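One structure is given here, and the rest of the page talks about it.
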Amino acid sequence: MDRIADITAALGKFILPGQLTEIRALKVQGKEAVRATWDGDHLDHAAREALKWEEQGASGVYFIPNPLLPSSYGHFATDVDVLARHWLLIDVDSIRPAKTGATDRERLAAWEVVQSVEATLAVVGYRRWVVGDSGNGYHVLVHFDPPLLNDAAAKNLCREVLHGLKSLCGNEKATVDTSTYNAARIVKLYGTLARKGTETAERPHRYSRLIPS
């Protein structure tokens, strides 16, 4: 398995040539977070950096799918560094104790909510999205075409979509995270390892991945 190629290909689903993204790793060698900015023409270099941080024990490696302004170089990107909104992360996770990985049964509960989310998106007119396995839960990343402006109206729309999906699709076993509406939201870098909580046989650390449509 060529993990560099796999991570590069996953990034290429979101980051266009010339587009800037931030790769961010959490809990690396005593640091809360580390980061680097890469463009869409050098995603293989970004993948190598991500694997380096993973090998150094990062709890997770992430990227920002929405395009960043050149001013984002040199610091952790925030919402003001985002050029436009191309993507909205819908993060579906099981309801379980905080800071623990998911069991297979908990992941199944999250997957059932994802299926409901996809059906709801289709009914209300959304047509393009990508599904990812975060390692402990699942993601649905809605693609805006044309992109939304990075403004208050788009922020409110994204917030309303998440709250609506939580109400319509969530249940007592799994739910939709309503906090992922911000423009500079980080997303699990697919192909990297999710180290959440103490690894056990029932709650193993798993690799994230994109799920073929």
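The values are calculated or read from the model by the stated rules, or taken from the named source; none is laboratory data. All of these numbers come straight from a predicted model, not from anything done at the bench. Cβ atoms come from the backbone with ideal geometry, glycine included; neighbour counts cover every protein chain shown. Ligands, DNA and RNA are stripped out before the accessible areas are found, and what is left, the full protein with its side chains, is counted by its heavy atoms. Shrake-Rupley method; radii C 1.70, N 1.55, O 1.52, S 1.80 Å.
Just a few scattered comments:
- Net charge dipole size for the range 44-92 [Lys, Arg +1 and Asp, Glu -1 on Cβ; Debye, nearest 20]: 80 debye
- Simple rule: put +1 on each Lys or Arg Cβ and -1 on each Asp or Glu Cβ in the chain, find the dipole, and look at Gly30, Val114, Val131; the Cα lying farthest toward the positive end is Gly30.
- Computed extension gain for Glu32 through Ala98, at 0.36 nm per residue and net of the alpha carbon distance, reaches 21.9 nm.
- Accessible surface of the chain [probe 1.4 Å, protein heavy atoms]: carbon and sulfur percent: 54 percent
- Placing a label point 7 Å from the Cα of Glu112 along the Cα-to-Cβ direction, the residues of the range 156-186 whose backbone N falls under 19 Å of that point are 165-177.
- Span-like helix ranges in the chain, DSSP H, alpha carbon extent 24 angstrom or more, Kyte mean at least 0.0: 104-124, 152-169
- Cut-off 20 Å, label 7 Å out along Cα→Cβ of Glu55, residues of the range 186-206 by amide N: 189-195, 206
- Accessible surface, per residue, of the chain when the full set of protein chains is kept, probe 1.4 Å, Å²: 49 Å²
- For a label point 7 Å along the Cα-to-beta-carbon line of His205, residues of the range 34-59 with backbone N under 18 Å: 34, 48-59
- Label sites at Arg128 and Ala84, each approximated as a point 7 angstrom past Cα along Cα to Cβ, lie 1.1 nm apart.
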